[in-house]
Amino acid sequence: MDRLNRSTYVGAMSETLEIDALGLLCPLPVLRLRKRIQGLPAGSKVTVLADDPAALIDIPHFCNESGHSFQGAEALDGGGEGKAPHRYALITV
């Protein structure tokens, strides 16, 4: 890996990866999360946007089982048909 590619890779990991799982139902938000974080270096910051009510349980449970550090969930404005979107934050290990 040359200098340019390495610095670009390291710089990209200092940003937060945002995963959009809005409109997906259980278990798809967690499956998308698991797939997108494969290969990320430890300490990567990740946020997941999801409006599936089960994600409130599923994402923290996935983090606990996988060893990732769940940072919390924040309710967002919007949503419809009984769905309340949330932003979930985690740090990979």
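Every number in this text was worked out from the coordinates using simple rules, so none of it is lab data. Just so it is clear, the structure is predicted and the values come from calculations on it, not from any experiment. Backbone-built Cβ (ideal geometry, glycine too); neighbour counts: all protein chains shown.
Phi angles of the stretch 63-69 translate, via the Karplus equation with coefficients 6.51, -1.76, 1.60 and θ = phi - 60°, into HN-Hα couplings of 4, 4, 6, 8, x, 6, 8 Hz per residue; Gly and Pro are given as x. The local environment of Ser44, defined by Cβ-Cβ distances under 13 Å, has a net charge of 0 under the rule Lys, Arg +1 and Asp, Glu -1.
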